1. Mind scanning 162/226; 152/211; 95/162; 114/240; 9/160; 84/191 and naming the pairs with a C-alpha gap bigger than 26 Å?
2. Would you tally the net charge around residue 214, using a Cβ to Cβ cut-off of less than 15 Å, leaving residue 214 out, and scoring K and R as +1, D and E as -1?
3. How charged is the neighbourhood of residue 11? Take every other residue with its Cβ under 15 Å from the Cβ of residue 11, and add Lys/Arg as +1 and Asp/Glu as -1.
4. How far apart, in nm, are the 7 Å Cα→Cβ label points at residue 160 and residue 271?
5. Under the Kirkwood approximation for Rh and a Cα-based Rg, what ratio Rg/Rh is obtained for the stretch 110-215?
6. If amide H atoms are built 1.01 Å from N in the plane of the peptide, which residues on other chains or at least 5 residues away come under 5 Å of the amide H of residue 200?
7. Fewest to most neighbouring Cβ within 10 Å: what's the order for 150, 272?
8. For a quick check: sort 202, 194, 45 by the number of other beta carbons within 10 angstrom, fewest at the front.
Amino acid sequence: MKIKDLLAKGEPTLSFEVFPPKTEDKLESVEAAALEIAGLHPAFMSVTYGAGGGTSRYTVDIASSIMNHGVTPLAHLTCVSSTKEKVHGVLEELKDRGIENILALRGDIPADGKVEKDYQYASQLIAEIKAAGDFCIGAACYPEGHVESVNKTADIQHLKEKVEAGCDFVTTQMFFDNNILYNYLYRIREKGIMVPVIAGIMPVTNSAQIKRICSMSGTYLPSRFKAIVDRFGDNPAAMKQAGIAYATEQIIDLIANHVNGIHVYSMNKPDVAAQIKNSLSEIVR
């Protein structure tokens with residue numbers, strides 16, 4: 001099923017993200033975790049894509065396994081470290097497997113700075129996918145602005161370019177203050193960007209995640225969230241419970257305010273996904 005058709009129903013949806021392993025010896029355990037999450041019957045599941053082909057060869061395999069277990073897959077595809085030949089090779093493989101949803105991303109610049117010259121922006125990749133077949137295309141958006149954008153106005157303009165290139169929906173980077181998303185939605189709608197927006201939620205289950213999140217994206221941490229980390233950060237079990245509770249409260253508030261698309265960055269953790277799904281059993285069917 002195309003995700004744009006799922007979102008068009010206007011009902012709350014809950015989806016989860018998994019990421020392929022960096023090495024082949026971990027593939028079996030990651031695939032098992034992905035299928036356990038698929039057993040929760042989410043609206044769809046996304047599978048991330050490694051820069052430069054590092055884990056990309058597993059993306060299609062895991063997405064295909066998810067689909068064979070009755071869940072709609074969303075395969076990520078990045079372009080900054082790929083040639084057009086590589087991208088079209090992946091597109092053909094997705095077609096062959098019957099996978100019709102793609103999240104098109106520029107991708108992070110590798111640590112060694114090595115990139116290909118065929119693509120500079122996600123909008124270029126989106127246009128290429130649009131021309132290559134009948135895919136449903138998603139893109140990323142950044143309620144707090146992309147770290148590389150000169151300002152939020154420029155970032156929204158880049159989002160508009162993605163939509164004009166053919167993306168059907170967008171998924172946000174994680175955020176911990178729902179007011180940031182509500183303000184962002186007002187701003188992008190004002191600019192005529194009307195595609196569905198799926199809210200990306202990260203359940204923080206250990207304090208080390210916070211350091212990574214802040215160093216990578218500069219995400220704003222509200223005082224309420226900081227208090228949770230300060231109080232429970234040294235107690236792994238308590239931090240996990242509190243982090244899941246915080247994410248669940250975020251989701252309930254979002255749905256109450258008619259943000260129906262919820263995507264959970266579940267970090268290959270079936271137990272985290274299950275706890276969130278169970279907590280929303282009467283809210284998201």
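Read-outs throughout are calculated quantities, based only on the coordinates presented, and are distinct from any laboratory measurement. Note that the structure is a prediction, hence the values are computed from the model and not measured. Note that each Cβ is placed from the backbone with ideal geometry, even for glycine, and that neighbours are counted across all protein chains shown.
1. On the way: 162/226 34 Å; 152/211 23 Å; 95/162 22 Å; 114/240 37 Å; 9/160 23 Å; 84/191 31 Å.
Long pairs (Cα-Cα over 26 Å): 162/226; 114/240; 84/191.
2. Numbers: positive: 211, 212, 226; negative: 144, 177, 230.
So the surrounding residues net to 0.
3. Working: positive: 4, 9, 285; negative: 5, 282.
Neighbour charge sum, excluding residue 11 itself: +1.
4. Result: 4.8 nm between the two label points.
5. On the way: Rg = 15.1 Å, Rh = 15.3 Å.
Taking Rg over the Kirkwood Rh, I get 0.99.
6. Amide H to amide H, under 5 Å and 5 or more residues apart or across chains, residue 200 pairs with 172, 263.
7. 150, 272
8. On the way: 202 22, 194 9, 45 27.
With the sparsest Cβ surroundings first, the list reads 194, 202, 45.
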